[in-house]
1. Scan the stretch 156-182 residue by residue and report those that are touching a strand residue (DSSP E or B) at 6+ places or on another chain (Cβ under 7 Å), within 30 Å of M219 (Cβ to Cβ) and either of a type in the set (S, T, N, Q) or not assigned by TED's automatic domain parsing to the domain that holds M102 (or both).
2. Confirm whether I201 is at pLDDT below 90 and closer than 22 Å to F87 by Cβ.
3. Would you mind stating whether T167 is over 18 Å from G101 (Cβ atoms) and modelled with pLDDT under 90?
4. Test H157 against the stated conditions and say whether it is under 22 Å from P120 (Cα atoms) and not in a strand (DSSP E or B).
5. For residues in the stretch 41-95 being among the small types (G, A, S) and not in a helix (DSSP H, G or I), which is farthest from S214 (Cα to Cα)?
6. Does V302 satisfy the criteria of being at pLDDT 80 or above and not in a helix (DSSP H, G or I)?
7. Can you name the residue in the stretch 102-143 that is among the small types (G, A, S) and either surrounded by 12 or more Cβ atoms within 10 Å (Cβ to Cβ) or part of a strand (DSSP E or B) (or both) and, of all such residues, is modelled with the highest pLDDT?
8. Taking the stretch 236-254 on its own, how many of its residues are in contact (Cβ under 8 Å) with a residue 24 or more places away in the chain and more than 27 Å from V301 (Cβ to Cβ)?
Amino acid sequence: MDRVLSQEEIDDVFRNLRDAPTEEDPAKKAEPYDFRRPDRIAKDQLRAIHLLHENFARSLAASLSAYLRAYVAVNLVSVEQLSFMEFLQCLPSPTCLVSLGMSPYEGNAVLEMNPALVFPIFEMLLGGSARALLKVNREITEIEQSVLDGLFRITLHDLKSAWHAVTPLEFAIDSHETEPQLLRILSPNEAVVAVSMEVRIGDNTGMMNIGIPSIVVKMLRHKFDQQWSVRKTQSSEDEQARVLRLTRGSRIQLDSRLSGPTMTVEDLLDLNEDDVLTFDYPVGRSLDLTVNGKQKYRGHVVSTGNKRAFQIEEIPIP
């Protein structure tokens, strides 16, 4: 039967269609992917690089303490993957930047030291104490740069020693720069491994940052795998030698006793003449050998020349 809808009924139909839940668009669940910044290295390799630079931080702290004749603390803050542009944007301006050659591999790494770190070191090298908080924000002159060459030489020596655990990598200074945006050694979207360290000298604290091309680190993946597998074996041997060295001079107490029957003190006090005690211990039964009061071996007392000895015949399972 034909029926004409009223205007109110038409409005209700459109209102229900508008309020009805719609299926979620699958495209909204998609995550954007930037093909200009693919992941270069795996997370397990990042952890290996983290351990490598922890060793570098410890050796650098000792070297700088001896070089500056002051207590220097170096702490590894982070190891992460960034684009070269993001790495440069994280650096202060002006700052102390050097481009590092990485022989025998092509490409350049970056070493940066904040002015908050460089100028206290510069003051100490010229005879000052740098104990008070020192804030200087200006470019480094050529004369100051030549004074800091010794600092870079020590830093690169320890960095090379840390990387030699993985591969013979030689670092050499190719150029100096003070403005991060003027450094053009990699393309802006090239991935780098950014290593950040905090250096503390007295009340002065500054950051030291290292940027290594991810493509170079990726080329060394198999060397990282070999290094950590060999290191695990070597550390075990070194640990055994260390424990042996520490325990070599220690003394232990060895006792071999007949573990026969026991009796109370009351029975012992009641013993009289002609009483017989039955030990019930066969001659051929093995004896227990205790080490510092704990049973470790079983065997027999034997003669070796004019001395008595204990021949181990069994190791009891605990």
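The values are calculated or read from the model by the stated rules, or taken from the named source; none is laboratory data. All values reported here derive from a predicted model rather than from experimental measurement. As a convention, Cβ positions derive from the backbone with ideal geometry for all residues, glycine included, and neighbour counts pool all protein chains shown.
1. Kept after step one, since they are touching a strand residue (DSSP E or B) at 6+ places or on another chain (Cβ under 7 Å), are these residues of the stretch 156-182: 156, 159-160, 169-178, 180.
Subset that is within 30 Å of M219 (Cβ to Cβ): 156, 159-160, 169-177, 180.
Within the stretch 156-182, S175 is the sole residue that qualifies.
2. no
3. Numbers: over 18 Å from G101 (Cβ atoms): no; modelled with pLDDT under 90: yes.
When the stated conditions are applied, T167 does not pass them.
4. Yes.
5. Once the filter is applied, the top-ranked residue is A70.
6. Numbers: at pLDDT 80 or above: yes; not in a helix (DSSP H, G or I): yes.
Considered against the rule, which asks whether it is at pLDDT 80 or above and not in a helix (DSSP H, G or I), V302 comes out as yes.
7. So in the stretch 102-143, the residues among the small types (G, A, S) come out as 103, 107, 109, 116, 127-130, 132.
Within this subset, residues satisfying the condition of being either surrounded by 12 or more Cβ atoms within 10 Å (Cβ to Cβ) or part of a strand (DSSP E or B) (or both) are 103, 107, 109, 116, 128, 130.
Values: S103: 87, G107: 82, A109: 91, A116: 86, G128: 76, A130: 66.
Among those residues, the one meeting the criterion is A109.
8. 0
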